[in-house]
Each structure stands twice: as structure tokens, then as C-alpha cells.
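The values are calculated or read from the model by the stated rules, or taken from the named source; none is laboratory data. Please read these numbers as outputs of a predicted model, since none were measured by experiment. Cβ sites come from the backbone with ideal geometry, for glycine too, and all protein chains shown count toward neighbours. For accessibility, only protein heavy atoms count, side chains too; no ligands or nucleic acids. Shrake-Rupley method; radii C 1.70, N 1.55, O 1.52, S 1.80 Å.
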Amino acid sequence: MRILAFLSILLFAACGVKYTESTFLSEEEQMGYECVILTPKKPVGTFLYLSDSSEFQSYPTALQKEMIKDGYRVVIPTRWGNNGRSRAKFDTYNNRLNGVTNSLTQIASEIDTLGNLIVFADGFYAPIAIRTARDYRASQLWMVEPLSNPLYSIVISQVNSSADTSSISELWGLSSDVEFQELSASMDLDNRVPERFFGPHYSAFIRSYWTLDVVNTAMYNVDSSTRIMTAFHSDYTFHSSENETYWVENEKAEVLQLPLEVDTVPYRLSVVESVFLEN
């Protein structure tokens, strides 16, 4: 049930970084992910890069280049596998988790070993990264704006901190009270209403994170030798002070301080990830 399809076996020289690019495609009907793999000549480990930005930014990013230079194979899940599924309908926490972990397991079986594993993730991928770091005994876990609370509590925190009840409408692209009621109904598991988009996200995706509360349990079981680093940007869409406080007070995690000039510009992952290059 595995295919390691080398769609392009090309040697790249990008800013002095040499690697071969290949594409992994799982044959799993329900849980397959397509992954881009950037492999240096003699890999010593694996750098798993989990981000919604992967489809919109060119690679390798500065951070990925640095990891390749250090001998890491970079694995970038980019989209659902080529199996005819609707991403909008099936893009949920559970499917992302299974897609990432199943693909990582299959990739490991193809290359014999992942070697030293470092997991990087931002936002919605953070709970998945924590589970992956725990299950695969990662040496390091790096996260940007990791969610620590269910999505609904983060949204409430944002609204309360701004004292602006219209914030939630802006966040989900709601133009009326009727749409707000539709969003609320969609988050209620007892209601059966048609799925639809609210802002950039499909209702099934929002619902899978709306009451998700798995971070504390998973973090408790992450190996004590795993180094955990986090970074926060005040302009990130789902940034909340309560969420950041959780990680500041978490004894297992280090909170990296962004340079002021980075935190004051509009949020962009490729800029924020630069803080990990210095650590």
C-alpha cells in the first residue's frame, strides 16, 4: 500500500544548498497525504515541516535550507493525496493527524529510518505536531502560535481582549447575525446543517478544532529529552494572550522572543520562522 514516486530526481543548487526532490504519495484511500521530500546527499535525520502555508510559499524556505545544510531530509506535506477526495469536506484534525502519521510511518519504512527527527509546525498543525513528537520520539519540537486551548476559547479570548463583539464576525467573514447563528449551529454536534465555508475555513474543519482539547494530555507524554521551542506573533489571526501564557508557564517549553521589528510587521510565517535559525 505504499508508493514512493520520484516525480523529479533532480539535483538542485539553490543558494549553495544541494538536494534531490522527490514526491511521496500514499495509496491509502482515506488517510493519504502527498509529501514533497528534499533530501541532502547523506541525511542524518528528518525535518517534518507542517504548515498551512506550505501550499502558498516557495520552498525551500530559509529554515528548510538551513536544515538541508545540516544534513536533514525535509518532509513537507502539501495536500491530500491524489485519491479523488474533496479537501474541503475531509480536512479535519483527525484526518490531518492520520494523514501525517501514516505517511511518516510509510516514508520511514521506505528509507529504513527517519534518523534524528525534528518537527516544525504552526497554528492548526501544532496539536498534530505534539502527537507526532510524542509518538515518534522527536529530538526537538518547534512551533509557531501553537494552539493550547479549544478554538472556541481562543476566539472568546480575542473578543474579550478587544472588547469588540464584532471581532468574531470579522474573523469568520460573517456579514450578518443570521450568518453568526449559522456558524453557531454548525459547531453544535447535535445539529445537522449543511456544511459551508465561513471565511477561509470549511465548517467541518472549524468544528474539528472548536472543542479540541488534546494538547495537555499529549504534552504530558512527550519525552522529557525532547526540546520544545515556541514563538508567537501578535498579528497572527488566532493569537491570544491566554494561549501564549499557557506556553510561557509550561515548564517543558521555551518561548522564543521575536525581535520587535518582526512582531510589528504583518504576520508571515517565512519571517517568523527565522527566529528558529538563531536558536
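Selection of the range 202-239 for residues being surrounded by fewer than 14 Cβ atoms within 10 Å (Cβ to Cβ) and outside any loop (DSSP other than H, G, I, E, B) yields Asn216, Thr217, Tyr220. The sole residue among Asn102, Asn95 that is of a type outside the set (Val, Ile, Thr) and open to solvent by 40 Å² or more (accessible area, probe 1.4 Å) is Asn102. Looking at the range 54-122, the helices (runs of 4 or more DSSP H) lying wholly inside it that each contain 3 or more residues that are at pLDDT 85 or above sit at 62-69, 93-111.
Let's see how each residue does on (1) more than 22 Å from the chain's Cα centre (by Cα); (2) of a type in the set (Asp, Glu); (3) under 23 Å from Phe120 (Cβ atoms):
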| position | (1), (2), (3) |
| --- | --- |
| His201 | no, no, yes |
| Arg207 | no, no, no |
| Val214 | no, no, yes |
| Met219 | no, no, yes |
| Thr230 | no, no, yes |
| His239 | no, no, yes |
| Glu242 | no, yes, no |
| Lys252 | no, no, yes |
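Only a single criterion out of (1) surrounded by 15 or more Cβ atoms within 10 Å (Cβ to Cβ); (2) within 30 Å of Thr113 (Cβ to Cβ) is not satisfied by Val159, namely (2). Within this structure, Asp112 fails the test of being farther than 23 Å from Val272 by Cα, under 18 Å from the mean Cα position of the chain (by Cα) and surrounded by fewer than 17 Cβ atoms within 10 Å (Cβ to Cβ).
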